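A.B. asks: Here it is, the structure, as structure tokens.
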Amino acid sequence: MELNNTSALVTGGASGLGEATVRALAARGARVVVVDLNAERGEAVAASVQGVFASCDVTDPAQVIAAIDAATALAPLWSVVNCAGIAWAQRTVGKDGEYASAHDLDVYRKVIEVNLIGTFNVCRLAATAMSHNTPDDDGGRGALVNTASVAAQDGQIGQVAYSSSKGGIVGLTLPLARDLSAVGVRANCILPGLIDTPIYGFAPESEEFKARLASGVLFPHRLGQPSEFASLAVELLANSYMNAACVRLDAGVRLPPK
């Protein structure tokens, strides 16, 4: 699939995996819309690649449509990478065994709302816009890449909400691809492992923590780089024979219970 002279939309594009993907897509000639709630950082990233920033809550249909419209104003929308998401850690039952200390149900709903429902919201609306594209020689009109996590399969203690949301993204991949085959839009999913993003911080103790994490990685013995995620995301977009796949990007790591 050709990326040059098309537009792309990247949610969570202001930092980490999303920012790296924005830069990789721009390097391939795509006009990129950086979708994020962090306006200061999002505008800076967009400006650095001659793209456009769209402030957007991925769970809000009107805001997502506005971001899609910003992309189609640049060029036909052929690529979407969903990186927006939130994390939470809490055990299902509290230490005191009281009902009040059980896992916060509102937090569980929020994680599902942002990570899973937000991802699907972007997919359903972006694919609708893509369905109007002039098809390529394969009959294709675009491609989606969603971001799950190895926690979808190796969820650790305290990751019930996060793993549920990411497992949902894995589970929607095949039926989503089957649905969208009718309009020539492909859908794939990446399950990143331990990737070195700003979520870990930059203090000396953060470096020590990351070193401990890396000790459990099979090979190479390090955390992944956002650019490695971006490289795979771009390949899943550009390779027209990649469809309905869930790919672990984890250097062979298998997360222990805690």
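A.B. asks: Would you be so kind as to identify which of 230, 114, 173 lies farthest towards the positive end of the dipole of the chain, taking Lys and Arg as +1 and Asp and Glu as -1 on Cβ and the Cα centre as origin?
C.D. replies: My answer, from the dipole projection, is 173.
A.B. asks: Between residue 124 and residue 40, 0.36 nm times their residue separation minus their Cα-Cα distance comes to what?
C.D. replies: Taking residue 124 through residue 40 to full extension adds about 27.5 nm, to one decimal.
A.B. asks: In nm, to one decimal, how far is the residue 199 label point from the residue 105 one, both placed 7 Å along Cα→Cβ?
C.D. replies: Going from the residue 199 label point to the residue 105 one covers 2.7 nm.
A.B. asks: Next question, about the same structure. For residue 248, what residues show an amide H to amide H distance below 5 Å, using hydrogens built from the backbone and excluding near sequence neighbours?
C.D. replies: Excluding prolines and chain starts, which carry no amide H, the hits are 191.
A.B. asks: What's the magnitude of the charge dipole for the chain around its Cα centre, counting Lys and Arg as +1 and Asp and Glu as -1 at the beta-carbon? Answer in Debye, nearest 20.
C.D. replies: Values: 19 positive and 25 negative charges, 96 e Å.
Roughly 460 debye for the chain.
A.B. asks: I'd like the orientation of helix 16-27 relative to the chain: the angle between its Cα long axis and the longest Cα principal axis, in ° from 0 to 90, rounded to 10.
C.D. replies: 20 degrees
A.B. asks: Report the Stokes-Einstein translational diffusion coefficient (µm² s⁻¹, integer) for the range 123-198, Rh taken as the Kirkwood radius over Cα pairs, at 25 °C with viscosity 0.890 mPa s. Before the final figure, lay out the partial values.
C.D. replies: Numbers: Rh = 13.6 Å.
Answer, rounded: 180 µm²/s.
A.B. asks: What Kirkwood hydrodynamic radius do you get for the chain when you take the inverse of the mean 1/r over all pairs of distinct Cα atoms, in Å?
C.D. replies: It works out to 18.6 Å.
A.B. asks: Suppose only helical runs count, i.e. DSSP H with n ≥ 4. What mean residue ellipticity at 222 nm does that imply for the chain under -39500 (n - 2.57) per run, divided by all residues and rounded to the nearest 500 deg cm²/dmol? Please list the in-between numbers first.
C.D. replies: Working: 9 runs with 105 residues, N = 258.
Computed mean residue ellipticity for the chain: -12500 deg cm²/dmol.
A.B. asks: Could you bin all the Cα-Cα distances of the range 1-96 into 5 Å bins starting at 0 and give me the percent of pairs in each, rounded to whole numbers?
C.D. replies: So the P(r) values, bin by bin, are 3, 16, 25, 23, 14, 6, 4, 4, 3, 2, 1, 0.
A.B. asks: Report the FRET efficiency, 1/(1 + (r/R0)^6), for residue 4 and residue 221, where r is their Cβ-Cβ distance and R0 is 35 Å, rounded to 0.05.
C.D. replies: 0.45
A.B. asks: Here is a further query. With charges set only on the Cβ (+1 for Lys and Arg, -1 for Asp and Glu), what does the dipole of the range 147-258 come to about its Cα centre, in debye to the nearest 20?
C.D. replies: Once rounded to the nearest 20, the dipole reads 280 debye.
A.B. asks: A 20 angstrom limit on the alpha carbon distance is what I want to check against. Which of 95/166; 110/210; 110/166 exceed it?
C.D. replies: 95/166; 110/210
A.B. asks: Sticking with this one: Can you tell me the orientation of helix 61-74 relative to the chain, as the angle in degrees between its alpha-carbon axis and the longest Cα principal axis, to the nearest 10?
C.D. replies: That works out to roughly 40 degrees.
Read-outs throughout are calculated quantities, based only on the coordinates presented, and are distinct from any laboratory measurement. Since the structure is predicted, the reported quantities are computational estimates derived from the model, not experimental observations. In this analysis, Cβ positions are derived from the backbone assuming ideal geometry, glycine residues included, and neighbour counts consider all displayed protein chains.
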